[in-house]
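**Q** Okay, handing you the structure first.
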Amino acid sequence: QKEVEQNSGPLSVPEGAIASLNCTYSDRGSQSFFWYRQYSGKSPELIMFIYSNGDKEDGRFTAQLNKASQYVSLLIRDSQPSDSATYLCAVIPYNQGGKLIFGQGTELSVKP
Amino acid sequence: DTEVTQTPKHLVMGMTNKKSLKCEQHMGHRAMYWYKQKAKKPPELMFVYSYEKLSINESVPSRFSPECPNSSLLNLHLHALQPEDSALYLCASSQDKTSGRASSYEQYFGPGTRLTVT
């Protein structure tokens, strides 16, 4: 079982819709969870982080964490073509001293 | 300010060359990282420096040699690379990796160096 799993996509949504990106992780003791956005040919950009169960909102982005289900998600409201990118879920497992474990990434395409 | 800078942006080198990649951050971060990323794959951790000391080496071949001259700078020295080492090399930094505070672990990436080995 992979430590962090994401659907590879591509996920295609129409402009203005809500895009929902999902991620599961295997280490139950994980404490820190991150979402990175990566445009083709560019480096990953940290867009959300969440440490406690529940929702965290920042503009059009909402991160949701459910530690009991070992599940973290990212919702993008009012999706724009500029949101088209690969979204990487990353987790720091327990006692790994800050070592990020990445999922394979989900490719999102927002169609005008 | 969450800026990490990397030079050069692009590098083409032969298998017998020696070159270096440079990374700099001025956020006061005390942990710095080198990652390698191949196309359509997530970043793979290579090395971690914490308080200027090498703390993690993910079994990287010795043709890659990291160096941390001070808390703001990180270098990656390259020698006798193979064509399969061609990739995007990413530097990242975070406040800390030892404090135990979750907020210390947010890693910010530089723009990367696109390396081609011929």
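What follows draws every value from the coordinates through simple rules; no lab data is involved. In this text, all values refer to a predicted model and were calculated from it rather than measured experimentally. With ideal geometry, Cβ positions are generated from the backbone for all residues, glycine too; neighbour counts draw on all protein chains shown.
**Q** Would you mind giving the three semi-axes, in whole Å and largest first, of the ellipsoid equivalent to the protein assembly as shown according to its Cα gyration tensor? Intermediate values should be presented prior to the final figure.
**A** Details: eigenvalues 177, 88, 47 Å².
Whole-Å semi-axes of the equivalent ellipsoid: 30, 21, 15.
**Q** Here's a follow-up. Mind sorting A:Glu45, A:Glu15 by how few other Cβ atoms lie within 10 Å of their own Cβ, fewest first?
**A** Placing the least packed residue first, the sequence is A:Glu15, A:Glu45.
**Q** While we're on this one: Going toward the positive end of the dipole of chain A, with +1 on Lys and Arg Cβ and -1 on Asp and Glu Cβ, which of A:Thr106, A:Ala90, A:Gln80 do you reach last?
**A** Of the listed residues, the answer is A:Ala90.
**Q** Straight distance only, please: which aspartates and glutamates reach the Cα of B:Lys18 with their own Cα at less than 19 Å, same-chain residues fewer than 8 apart left out?
**A** Qualifying aspartates and glutamates at Cα under 19 Å: B:Glu67, B:Glu84, B:Asp85.
**Q** For chain A, what is the convex hull (Cα atoms) projected area averaged across all directions, in square nanometres?
**A** Directional mean of the projected Cα hull area for chain A stands at 6.7 nm².
**Q** Can you give the local net charge around B:Thr16? Use residues other than it whose beta-carbon is closer than 14 angstrom to its beta-carbon, Lys and Arg +1, Asp and Glu -1.
**A** +2
**Q** On to the next question. If pairing requires two Cys Cβ atoms under 4.7 Å apart, which cysteines of the protein assembly as shown are left without a partner?
**A** Singleton cysteines: B:Cys68.
**Q** Pop out the Kirkwood hydrodynamic radius of chain B from its pairwise C-alpha distances, inverse of mean 1/r, in Å to one decimal.
**A** 14.3 Å
**Q** Next up: Can you give the mean number of other chain Cβ atoms that lie within 10 Å of the Cβ atoms in peptide B:41-50?
**A** Other-chain Cβ atoms within 10 Å of each residue's Cβ, averaged: 4.
**Q** Let me ask something additional. Relative contact order for chain A: what is it in percent, counting Cα pairs under 8 Å that are at least 6 residues apart?
**A** 38 percent
**Q** Provide the net charge surrounding B:Tyr89, with neighbours chosen by a C-beta distance below 15 Å and charges set as Lys +1, Arg +1, Asp -1, Glu -1. Mind dumping the intermediate values first?
**A** Values: positive: A:Lys42, B:Lys9, B:Lys19, B:Lys22, B:Lys36, B:Lys38, B:Lys41, B:Arg63, B:Arg114; negative: B:Glu24, B:Glu44, B:Glu58, B:Glu67, B:Glu84, B:Asp85.
That works out to +3.
**Q** Considering the dipole of chain B built from charges on the beta carbon (Lys and Arg +1, Asp and Glu -1) around the Cα centre, which of B:Asn75, B:His10, B:Ser104 is farthest to its positive end?
**A** Highest projection toward the positive end goes to B:His10.
**Q** Report, in listed order, any pair from A:Lys56/B:Lys22; A:Lys111/B:Lys19; A:Lys99/B:Lys40 with a Cα-Cα distance greater than 32 Å. Working shown, then result.
**A** Working: A:Lys56/B:Lys22 35 Å; A:Lys111/B:Lys19 42 Å; A:Lys99/B:Lys40 21 Å.
Too far apart for the 32 Å limit: A:Lys56/B:Lys22; A:Lys111/B:Lys19.
**Q** So which lysines can B:Lys38 reach, going by Cα to Cα under 18 Å and dropping same-chain residues fewer than 8 places off?
**A** Qualifying lysines at Cα under 18 Å: A:Lys42, B:Lys9.
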